[in-house]
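Quick note: the coordinates plus some simple rules give every number you see, no bench work behind them. This is a predicted model, so every value here is computed, not measured. Cβ placement follows ideal geometry from the backbone for every residue including glycine, while neighbour counts extend to all protein chains displayed.
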Amino acid sequence: MDDALKDGILAAAHPGSLPWGGTGLVLDVEQVADLAARHDVPGCEIEALALELDVTPTRYLRNRQSVSPKDQILLLRSRVAQVGLGGLGGALLEQLLRLGVGTLRTADGDIFEASNLNRQSLSTLSGLGRGKTRAAKLRAAEINPSATLETRPEFLTPETLPKFLEGCTVVVDALGGLTMRGHLQKAAAAASIPLVTGALAGWTGYVAVVMPGQIGPADLMGTDNGGEELLGCPAPAVNLAASLMASEVFNILTGQPTLAGKMLVTDLRSHTFETVSL
Amino acid sequence: MGIEIKSFATLAKYLPENGQDYPIEPGETVRSLITKLGIPEKDVTLVFINALRSSLDSEIADGDRVGLFPPVGGG
């Protein structure tokens, strides 16, 4: 580690009380931003270096007993690709930013319209007509400027997917509809990275992890759009699927996914939760 | 003792009232079951019996839990 940076972090840190008892060195969000600007290093790297010095960024104090410093450092130095910033994508963006994934690369060519307000957490009345990637940028700046958010305001195609996935550890399928999901699964397999996928229609949803070469939901569901055209996607079902997907991203980045080769099927009307082996 | 049927999303409307304990006949398959329930074959993309992916030709036995899933892709 750069000595000036190390000294800077230790000088900016201060003793604070720790949620699990006692006191320890913590680093406030303003100090992270200041060090990042002065040393021209992303905030997420300042936070990772701080953790290596046994200094806890205040932002992550309340996660420390659920996310070990070692795992938090892994998250801060990881790069996740996410296709789609709609219902699933908006909720995933929020969770991955708050979890502290250091670099997120996202793509969506769509703009917000009023019919998105029922579920898409990045959609707001004042933001109707705004590009979804633009809204993602604004939200990320509000909640976690330490993360690096890369945005592509376009609909990816089978031709542009491979480059989009380059350098990423895992890819998240937050697409709407079935037409592109198979292409994304193939591109993830070609890039040799795990795919976290999920979809829903009405109160029914599913989440799966597809390891390279494995069968996945896209192989079963066809390419015509599904029941969502009729049933829509209510917010609780969207957010449940997004939470399950975000937790599998965490599990992959820090160890083992629980849903590799499986599909967790959920229904919020009957409160059915069933893990199916594919 | 019959079988338990779980039908999801657009297939929920086909669930019979006795779907928790639905009687089957000897040699019943998923295909014959969905025909009885009035579900078009093309609407079933995923079948699972006791949490294992199965096919339309899979046989069903008393006590099985049968899941029927249509195309779902919303996000």
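Structure notes:
- When you restrict to C-alpha pairs under 8 Å that are six or more residues apart and normalise by the size of chain B, the relative contact order lands at 41 percent.
- Coordinate range of the alpha-carbon atoms in the protein assembly as shown per principal axis, descending: 77, 45, 38 Å.
- Tensor-based shape of the stretch B:2-69 (alpha-carbon gyration tensor, a/c under 1.5 rounded, otherwise prolate or oblate): rounded
- Taken one residue at a time, the phi angles of the stretch A:72-87 give Karplus couplings (6.51, -1.76, 1.60, θ = phi - 60°) of 4, 4, 4, 4, 5, 9, 9, 10, 10, 9, 9, 9, x, 10, x, x Hz. Gly and Pro are set to x.
- Three-way shape label, the stretch A:81-237, alpha-carbon gyration tensor, a/c 1.5: oblate
- For the pair the stretch B:1-34 / the stretch A:88-136, the C-alpha centres are spaced 39 Å from each other.
- Cα gyration tensor category, rounded, prolate or oblate, for the stretch A:179-226 with a/c compared to 1.5: prolate
- Over chain A, relative contact order from alpha-carbon pairs under 8 Å, at least 6 apart, %: 15 percent
- Which of B:THR45, B:LEU68, B:SER58, positive extreme of dipole for the stretch B:2-69 (C-beta unit charges): B:THR45
- About the Cα centre, charge dipole magnitude for the protein assembly as shown (Lys/Arg +1, Asp/Glu -1 at Cβ), debye: 440 debye
- The stretch A:148-278 - percent relative contact order, Cα under 8 Å, separation 6 or more: 24 percent
- Remark: the stretch A:75-142 is approximated by an ellipsoid whose semi-axes, taken from the C-alpha gyration tensor as √(5λ), come to 21, 11, 10 Å, largest first.
- Projecting label points 7 angstrom from Cα along Cα→Cβ for B:MET1 and A:ASP224 puts them 3.8 nm apart.
- Here the label points at A:SER270 and A:THR157, each 7 Å from Cα along the C-beta direction, are separated by 4.2 nm in the simple model.
- For A:VAL276, residues with placed amide H under 5 Å, excluding near neighbours: A:MET263, A:LEU264, A:VAL265
- Alpha-carbon centroids, the stretch A:187-205 and the stretch A:228-265: separation in whole Å: 8 Å
- Taken along the Cα-to-beta-carbon direction at a fixed 7 Å, the label points for A:ALA235 and A:ALA190 span 3.9 nm.
- If you plug the beta carbon distance of A:ILE143 and B:LYS42 into 1/(1 + (r/R0)^6) with R0 = 30 Å, you get a FRET efficiency near 0.10.
- Between A:ASP2 and A:LEU18, full extension at 0.36 nm per residue minus the direct alpha carbon distance yields a gain of 3.0 nm.
- Based on DSSP H segments of at least four residues, each scored -39500 (n - 2.57), the protein assembly as shown has a per-residue ellipticity at 222 nm of -9500 deg cm²/dmol.
- Relative to the globular-protein estimate of 2.2 N^0.38 Å, the Cα radius of gyration of the stretch A:1-99 stands at 1.14.
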